[in-house]
Amino acid sequence: MKVKVEKDDCISCGICVNEVPAVFDWDDDDKAEAITDEVPDNIEQEAKDALESCPTDAIVEV
């Protein structure tokens, strides 16, 4: 599974960064970004939960 954050849609709410810090972190503009090329299998469900929890649907599976 691969994910990315659409910067224009991100409102910096922090749900993804707080729930899955191994996959998401803040960029220089205080927007969330995916920091892995591939989500590790053992945290794939957490990444999917973060994707579904994003209030602006800024996280997309690619």
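Please treat every number below as a calculation from the coordinates, not as lab data. Model, not experiment: these values are computed from the prediction. With ideal geometry, Cβ positions are generated from the backbone for all residues, glycine too; neighbour counts draw on all protein chains shown.
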- Alpha-carbon spread of the stretch 3-61, three principal axes, descending order, Å: 28, 21, 18
- Task: Quick one: among Ala34, Ala50, Ala22, which has the greatest mean-square fluctuation in a GNM of the chain with alpha-carbon springs under 10 angstrom?
- Result: Ala22
- Query: In terms of Cα to Cα distance under 19 Å, which aspartates and glutamates are near enough to Lys48, apart from those fewer than 8 places away along the same chain?
  - Reply: Glu6, Asp9, Glu19, Asp25, Glu33, Asp37, Glu38, Asp57, Glu61
- Item | Using a Förster distance of 25 Å, the FRET efficiency for Glu61-Asp29 (Cβ separation, nearest 0.05) | 0.65
- Query: Once every DSSP H run of n ≥ 4 in the chain is given -39500 (n - 2.57) and the sum is divided by its residues, what mean residue ellipticity at 222 nm do you get, rounded to the nearest 500 deg cm²/dmol?
  - Reply: -6500 deg cm²/dmol
- Query: Tell me, what ³J(HN,Hα) does each residue in the stretch 14-31 have, in order and in whole Hz, if you take phi through Karplus 6.51 cos²θ - 1.76 cosθ + 1.60 with θ = phi - 60° and put x for Gly and Pro?
  - Reply: x, 4, 5, 5, 6, 7, 9, x, 6, 10, 10, 8, 8, 8, 5, 9, 6, 10
- Among GluC sites (Glu not before Pro) in the chain, those in a DSSP loop whose Cβ has at most 12 other Cβ atoms within 10 Å are Glu38
- Task: Could you work out how far helix 44-53 tilts from the main Cα principal axis of the chain, as a 0 to 90 degree angle to the nearest 10?
- Result: 30
